[in-house]
Amino acid sequence: MSKSLYQLFQIKQISYQYDLKFVDQLLRTKYGAIEVSKSTVEDLKNDPMCDFDAIYKCYVITDVVVLDSLFTPEERSIQSEMAKENSKYPAEDDSLWRDIQEGRMIRVIVDSDNGNTMTGFNLQGLCEVLMYELYVLKGIKPEACTDPNDPYFAHYLECLDKAGYL
């Protein structure tokens, strides 16, 4: 499969990286993402896998129609199970994590350590459709795009395919 995806990749001449303005515009138009303050994710300061200073922008997706179009049947099943489990406990003052766990909200944190392109992301919420898109938007170095059998590049090709770029 990677060989045929590689051929499509070459034919379509897909960009290796996307600038931050493109990422911002795509998240807003395609996913109805709304920018929120970086202060809403201050808990990430304690996350060793996150470079808080590299955060470019934070977004939430809460539009019911958009969310409904994004989730797979498996994701909906997991969200339903989470809702059942969460109903056993009193709601806390901050229902943010319940909203994320139960599929009423997705948070996207876009990182850029160069100020030009997206160099990382944090996706809070179960959504493989958006995950594939974010991998594509993160991009890949051109020198990594020579061998479709390389696991890293093969994964990128799969993300391109599943995100609809190929």
Query raised in the report: Want the number for residue 147 to residue 165: 0.36 nm per residue separation, take away the alpha-carbon distance, what's left?
Result: 4.6 nm
Report summary line: Diffusion coefficient in µm²/s returned for the range 8-55 by Stokes-Einstein, Kirkwood Rh over C-alpha pairs, 20 °C and 1.002 mPa s, is 159
Report task. Measure nothing but the geometry: give the 0 to 90° angle between the long axis through the Cα atoms of 128-138 and the longest principal axis through the Cα atoms of the chain, rounded to 10°. Result -> 50
**Report entry** For residue 80, solvent-accessible area (1.4 Å; no DNA, RNA or ligand), Å²
**Finding:** 50
**Report entry** Principal-axis tilt of helix 20-31 within the chain, Cα atoms, nearest 10 degrees
**Finding:** 60
Query raised in the report: In the chain, what percent of the accessible surface is made up of carbon and sulfur (1.4 Å probe, ligands and nucleic acids excluded)?
Result: 51
Report summary line: With the 8 Å Cα cutoff and a minimum separation of six or more residues, the range 29-166 has a relative contact order in percent of 20
Report summary line: Ordering 132-145, 100-113 by per-residue average of other C-beta atoms within 10 angstrom, highest first, gives 100-113, 132-145
Query - Crossing angle, helix 2-12 versus the chain [Cα axis fit, 0-90 degrees, rounded to tens] - result: 80
Requested in this report: Could you rank 52, 9 by how accessible they are, 1.4 Å probe, largest area first?
Outcome: 52, 9
Query raised in the report: residue 26 versus residue 39, label points 7 Å from Cα toward the beta carbon: distance in nm?
Result: 3.1
Query raised in the report: Per residue, how many Å² of accessible area does the chain show with a 1.4 Å probe?
Result: 58
Query - Packing-based order for 149-157, 61-69, using average beta carbon neighbours within 10 Å, highest first - result: 149-157, 61-69
Query raised in the report: Once you treat every alpha carbon in the chain as an equal point and sum by Debye, what is log10 I(q)/I(0) at q = 0.18, 0.20 Å⁻¹?
Result: -1.19, -1.34
Requested in this report: Run the numbers on the range 1-78 and let me know its relative contact order in percent, using alpha-carbon pairs under 8 Å that are six or more apart.
Outcome: 27
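The values are calculated or read from the model by the stated rules, or taken from the named source; none is laboratory data. As the structure is a prediction and not an experimental result, all values here were calculated from the model. Glycine also receives a Cβ, built like all others from the backbone with ideal geometry; neighbour counts cover every protein chain displayed. Note: accessible area is taken over every heavy atom of the protein model, side chains too, but ligands, DNA and RNA are not part of it. Shrake-Rupley method; radii C 1.70, N 1.55, O 1.52, S 1.80 Å.
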